[in-house]
């Protein structure tokens with residue numbers, strides 16, 4: 001049984017490396033961010049990219065979609081006049097059959113890219129809520145299942161607020177994780193300019209994995225071990241967010257589920273069959289940062305640091321309140337120190 005599990009993990013690691021390498025042919029120098037998105041993909045989790053324009057948010061989302069062979073990609077460009085039916089689809093009267101027939105919208109896809117999601121009106125944003133949470137949509141009283149898997153990769157611009165509608169906390173909590181890409185280094189930017197003189201590298205992108213292989217990644221995550229000591233620490237970290245004076249609204253149980261599962265996916269991508277505290281610390285802010293609401297006082301005190309600075313302060317507060325677990329025997333020592341048991 002153990003040999004079969006190890007074989008499945010090895011196959012999954014090879015598949016993940018192939019996917020990561022293919023995406024890196026388009027998005028350079030962002031291995032950790034790409035790995036973060038692939039970890040969410042393995043967990044069937046939705047991802048929110050928040051960053052300034054021109055940092056390859058949309059390119060990364062398209063590269064992920066284009067790397068999966070038989071997946072159905074789709075894209076929605078959000079604008080204030082976008083209606084819910086423009087996303088979910090609607091029933092249209094057919095004069096030949098003298099009956100209404102449903103025409104599915106772009107949400108009926110395996111990978112849905114939602115560009116500038118905060119430019120859509122709240123009622124359109126809420127149309128995505130059921131799809132993201134339940135993997136289904138209800139139109140004209142009829143509930144229709146979405147393709148399997150169904151992943152939303154959404155982008156938003158944090159610096160331009162005119163004509164935007166901030167996502168409510170309930171919808172932010174539906175995103176498995178939130179991340180940014182940031183600007184490339186000078187050398188990386190020089191390489192990007194040279195590369196795109198003739199054409200965009202997305203034009204050369206070819207699929208390297210299949211949907212069945214992606215499902216294999218999902219199944220392999222089940223073989224990654226989370227020690228009870230690490231599991232308790234994960235839950236205590238999330239629970240600690242609810243008791244901080246600096247936090248008006250802490251993270252929900254959904255955050256505990258997401259952090260534990262993402263940590264297992266991250267361990268798989270790192271080539272391990274077990275989760276370490278380092279995995280949890282790495283993923284703490286991407287998984288939990290967007291799920292908490294800070295008090296006005298804390299925001300005011302950290303206004304010069306910006307949201308990223310405030311999040312780092314928040315991270316230190318949480319880790320200080322719930323220190324890393326201490327091993328009580330040799331087995332726990334191996335897991336917590338990064339050696340396979």
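The values are calculated or read from the model by the stated rules, or taken from the named source; none is laboratory data. This structure is a prediction, so every number in the text was calculated from the model and none was measured. Note that we place each Cβ from the backbone using ideal geometry, even for glycine, and neighbour counts take in every protein chain shown.
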- [ ] Those residues that are under 18 Å from residue 172 (Cα atoms) and part of a helix (DSSP H, G or I), I need them from the range 85-119; list them, please.
- [x] 117, 118, 119
- [ ] Taking residue 220 as the residue in question, decide whether it is within 29 Å of residue 113 (Cα to Cα), in a helix (DSSP H, G or I) and touching a residue at least 60 places away in the same chain (Cβ under 8 Å).
- [x] yes
Task: Residue selected from the range 120-155 under the condition farther than 11 Å from residue 174 by Cβ, in contact with a strand residue (DSSP E or B) (Cβ under 7 Å, 6 or more places away or on another chain) and at pLDDT below 85, by the criterion surrounded by the fewest Cβ atoms within 10 Å (Cβ to Cβ) - done: 140
Task: Sole exception among (1) under 16 Å from the mean Cα position of the chain (by Cα); (2) surrounded by fewer than 22 Cβ atoms within 10 Å (Cβ to Cβ); (3) free of Cβ contacts under 8 Å to residues at least 60 places away in the same chain for residue 44, by number - done: (3)
TODO: Have a look at 275, 318 and point out the one that is under 25 Å from residue 40 (Cα atoms), assigned by TED's automatic domain parsing to the domain that holds residue 238 and within 21 Å of the chain's Cα centre (by Cα).
DONE: 275
Task: Failed condition for residue 63, given (1) surrounded by 20 or more Cβ atoms within 10 Å (Cβ to Cβ); (2) assigned to a loop (DSSP other than H, G, I, E, B) - done: (2)
- [ ] Quick one: residue 214 ticks every box in (1) in a helix (DSSP H, G or I); (2) surrounded by 14 or more Cβ atoms within 10 Å (Cβ to Cβ); (3) in contact (Cβ under 8 Å) with a residue 40 or more places away in the chain; (4) not assigned by TED's automatic domain parsing to the domain that holds residue 170 except a single one, so which number is it?
- [x] (4)
Open item on the list: Consider the range 80-97. How many of its residues are over 21 Å from residue 138 (Cβ atoms) and modelled with pLDDT of 85 or more?
Closed with: 2
Task: Single unsatisfied condition, residue 244 versus (1) touching a residue at least 60 places away in the same chain (Cβ under 8 Å); (2) loosely packed, with under 15 Cβ neighbours inside 10 Å; (3) farther than 24 Å from residue 35 by Cα - done: (2)
Open item on the list: Against the definition (outside any strand (DSSP E or B) and modelled with pLDDT of 85 or more), how does residue 52 come out, yes or no?
Closed with: no
TODO: For residue 34, work out the one condition from (1) crowded, with 19+ Cβ neighbours inside 10 Å; (2) in a helix (DSSP H, G or I); (3) in contact with a strand residue (DSSP E or B) (Cβ under 9 Å, 6 or more places away or on another chain); (4) without any contact (Cβ under 8 Å) to a residue 60 or more places away in the chain it doesn't fulfil.
DONE: (3)
Open item on the list: Given the options 207, 149, name the one that is more than 20 Å from residue 254 (Cβ to Cβ) and part of a loop (DSSP other than H, G, I, E, B).
Closed with: 207
Task: Condition check for residue 171: within 23 Å of the chain's Cα centre (by Cα), more than 20 Å from residue 312 (Cα to Cα), in the same structural domain as residue 19 (by TED's automatic domain parsing) and surrounded by 10 or more Cβ atoms within 10 Å (Cβ to Cβ) - done: yes
Task: residue 281 vs. criteria at pLDDT 90 or above and in a helix (DSSP H, G or I) - done: yes
Task: Subset of the range 247-283 (residues that are touching a residue at least 60 places away in the same chain (Cβ under 8 Å), under 17 Å from residue 321 (Cα atoms) and crowded, with 23+ Cβ neighbours inside 10 Å) - done: none
